[in-house]
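The values are calculated or read from the model by the stated rules, or taken from the named source; none is laboratory data. Keep in mind that what you see is a predicted model, and the values were worked out from it rather than measured. Please note: Cβ atoms are built from the backbone with ideal geometry, for glycine as well, and neighbour counts cover all protein chains shown. What goes into the accessible areas is simple: the full protein's heavy atoms, side chains included, and nothing from ligands, DNA or RNA. Shrake-Rupley method; radii C 1.70, N 1.55, O 1.52, S 1.80 Å.
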Amino acid sequence: MTDSTPTDTAVTPADAAVPPVDTVITGATVLTHTVRPEPGYPELPRDDVEARGTATFLADHALGIRDGIIVWVVPTASVPQSVLDAAAHIDARGLVAIPGLMNGHTHSPMTMFRGSAEDVPTNEWFNKHIWPMEVNLTDRDVYLGAQLAIGEMLLGGVTSFADHYFATDQIARAVDESGARALLASTFFSSQGPAGVESSAAFAERWNGAAGGRIRTAMGPHATYTVDDGDLELTAAHARRLGIRTHIHAAENMQQTESSLAKRGVTPIQVLHDTGVLEAGAIIAHGTGIVESDLEWLVPYADRVGVASCSKVYMKHAHTTTPVRMLHDAGVTVGLGTDGPASNNTLDVLESLRILSLKQKDAHLDATWLTSPHALDIATRQSAAVFGQESSLGALLPGYTADIVLIDPSGPHMQPMHDLASALVLSVRASDVRTVLVDGEVVVRDGRLTRLDLSEAIAELNARIPELTDRSRGSIQDYAP
């Protein structure tokens, strides 16, 4: 369905009842799914663009939520008054409901370094700025930085994020308190010795399923050039044992791929294959250095491997971009990420979505590539698949988790409304987000956080700037791929 004009077709089968629920959202224009729905629901027209994403909107619809799960999606007029009277009611007239956005790769506590290292090449960014500053971090810094990041993401409609950082217990604590959802990986380098990989595995086992299931975990080797093959093999073994994925930087840019080929005769992606990381399942951060020969290693594991693309960062650091078209045509999932706020400056996934769409058109000199419906598919269904959660997140359908974002499209920058899908990709702003639910709980109401007060974190981090930015104490690692 290429036309994203809202329809009035119900998603819940016509013969289904409208049972009582805890919460009802009424009057919304609902983005129910970006591909054809499950059997038993209305069929959508099929054409050759469906594989690149569709956008199906239902006008004036209601969503019923019970115990954090969407129970039904029906026309508002069909909801009995008795059901409305028994539930918490959210009036969403004039708003658009979309699945909660997912940030497939970030380093959330690096809000503390936002704007601290600008206009420098990648090697200087790491070796002269970021890694010398990270020596100064305390657990308290990580907790406050994560709080600030989570608040920013929730206010921008990001309900779930895949994080890759240090002192991860502090991030988990912040996630638990905020009501957000996260996939957390504890970062390690081989320079830490055997304790590195074991610590990452211990964290993953300790926190997986915590916060009522809102926290899931992954193994967190930093990169193929900072973690040796033996530790990557141990990583894969732990991932298989725990039934989790590995979140790792690999082929971050073409320089890394060329360096790996020159030194070892294999690409970073083949390293992941040869060490068993791909077989166990992986989130590959960036992948801008993925080359066509890497498809030999990726395609057999396309059901459990995804690439998180962070286009704004590649433009800022003057890298090539993720080969989304090549990966898509090979059946490898690509999701959306921001990277850390020290490199991206914001954690605005809507901004990242717009830049991804435009950068792909520019890279291929093809205005027909990566349409707005396709971009929405990447931001929702495909991003959920990168997390390994495509059966429960990324769609507003019965049986899916109630991670829901309500967006106000009435601002002058989105009007007049010719096409809703393109407006949500090319015109929307994070400030248009009004209400956010995670697991059916309202965590942002009318543009305000319900469980977080960020004033203390902001004040304390600003006071910490002189200590945090001291670069005289060495470095946690050398960037030399």
Considering only residues that are open to solvent by 40 Å² or more (accessible area, probe 1.4 Å) and assigned to a strand (DSSP E or B), which ones fall in region 60-70? 60, 66, 69
Out of region 113-151, which residues are aromatic (Phe, Trp, Tyr) and within 13 Å of residue 464 (Cβ to Cβ)? 113, 143
Number of positions in region 137-193 that are farther than 15 Å from residue 457 by Cα, in contact with a Leu (Cβ under 6 Å, 6 or more places away or on another chain) and among the hydroxyl-bearing types (Ser, Thr, Tyr): 1
Would you call residue 250 at pLDDT 95 or above, buried (at least 24 other Cβ atoms within 10 Å of the Cβ), under 23 Å from residue 379 (Cβ atoms) and more than 17 Å from the chain's Cα centre (by Cα)? yes
Filter region 240-253 down to the residues that are under 30 Å from residue 69 (Cβ atoms) and in a loop (DSSP other than H, G, I, E, B) and list them by number. 243, 244
For region 338-396, the count of residues that are touching a residue at least 24 places away in the same chain (Cβ under 8 Å), open to solvent by 10 Å² or more (accessible area, probe 1.4 Å), in a helix (DSSP H, G or I) and acidic (Asp, Glu) equals 1
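Yes/no per residue for (1) modelled with pLDDT under 95; (2) touching a Pro at 6+ places or on another chain (Cβ under 8 Å); (3) among the hydrophobic types (A, V, I, L, M, F, W, C):
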residue: 172; (1), (2), (3): no, no, yes
residue: 181; (1), (2), (3): no, no, no
residue: 185; (1), (2), (3): no, no, yes
residue: 188; (1), (2), (3): no, yes, yes
residue: 195; (1), (2), (3): no, no, yes
residue: 205; (1), (2), (3): no, no, no
residue: 208; (1), (2), (3): no, no, no
residue: 212; (1), (2), (3): no, no, no
Residue 478 passes all but one of (1) crowded, with 17+ Cβ neighbours inside 10 Å; (2) touching a Phe, Trp or Tyr at 6+ places or on another chain (Cβ under 9 Å); which number fails? (1)
Look through region 399-412, keep the residues that are of a type outside the set (S, T, N, Q) and more than 16 Å from residue 34 (Cβ to Cβ), and return whichever of them is surrounded by the fewest Cβ atoms within 10 Å (Cβ to Cβ). 412
For region 451-465, indicate whether the set of residues that are farther than 18 Å from residue 161 by Cα, basic (Lys, Arg) and touching a strand residue (DSSP E or B) at 6+ places or on another chain (Cβ under 9 Å) is non-empty. no
Pairs with Cβ under 6 Å, 6+ apart, first in region 274-302 and closer than 18 Å to residue 104 by Cβ and of a type outside the set (Phe, Trp, Tyr), second part of a loop (DSSP other than H, G, I, E, B) and open to solvent by 30 Å² or more (accessible area, probe 1.4 Å): 281/304; 288/319; 288/320; 302/331
Out of 193, 213, sole residue that is open to solvent by 10 Å² or more (accessible area, probe 1.4 Å) and within 19 Å of residue 385 (Cβ to Cβ): 213
Which condition breaks for residue 131 when tested against (1) within 23 Å of residue 313 (Cβ to Cβ); (2) open to solvent by 20 Å² or more (accessible area, probe 1.4 Å); (3) among the aromatic types (Phe, Trp, Tyr)? (2)
Provide a single number: the residues in region 86-116 that are part of a strand (DSSP E or B) and either closer than 23 Å to residue 75 by Cβ or touching a Lys or Arg at 6+ places or on another chain (Cβ under 9 Å) (or both). 9
Examine region 143-156 for a residue that is touching a residue at least 12 places away in the same chain (Cβ under 8 Å), under 25 Å from residue 334 (Cα atoms) and not hydrophobic (A, V, I, L, M, F, W, C), and state whether such a residue exists. yes
Looking at (1) surrounded by 18 or more Cβ atoms within 10 Å (Cβ to Cβ); (2) more than 24 Å from residue 475 (Cα to Cα); (3) among the acidic types (Asp, Glu), which is the only condition residue 233 fails? (1)
Let me spell it out: the conditions are (1) hydrophobic (A, V, I, L, M, F, W, C); (2) farther than 16 Å from residue 385 by Cβ; (3) more than 16 Å from the chain's Cα centre (by Cα), and residue 332 meets all of them except one. Which number is the exception? (2)
Take residue 329 and tell me if it is more than 28 Å from residue 142 (Cα to Cα), in a helix (DSSP H, G or I) and open to solvent by 40 Å² or more (accessible area, probe 1.4 Å). yes
Taking region 157-182, which residues are open to solvent by 10 Å² or more (accessible area, probe 1.4 Å) and either touching a His at 6+ places or on another chain (Cβ under 6 Å) or of a type outside the set (D, E, K, R) (or both)? 166, 167, 170
How about region 413-468: which of its residues are farther than 16 Å from residue 111 by Cβ, open to solvent by less than 30 Å² (accessible area, probe 1.4 Å) and part of a loop (DSSP other than H, G, I, E, B)? 428, 440
Consider region 112-128. How many of its residues are open to solvent by less than 30 Å² (accessible area, probe 1.4 Å) and within 16 Å of residue 458 (Cα to Cα)? 2
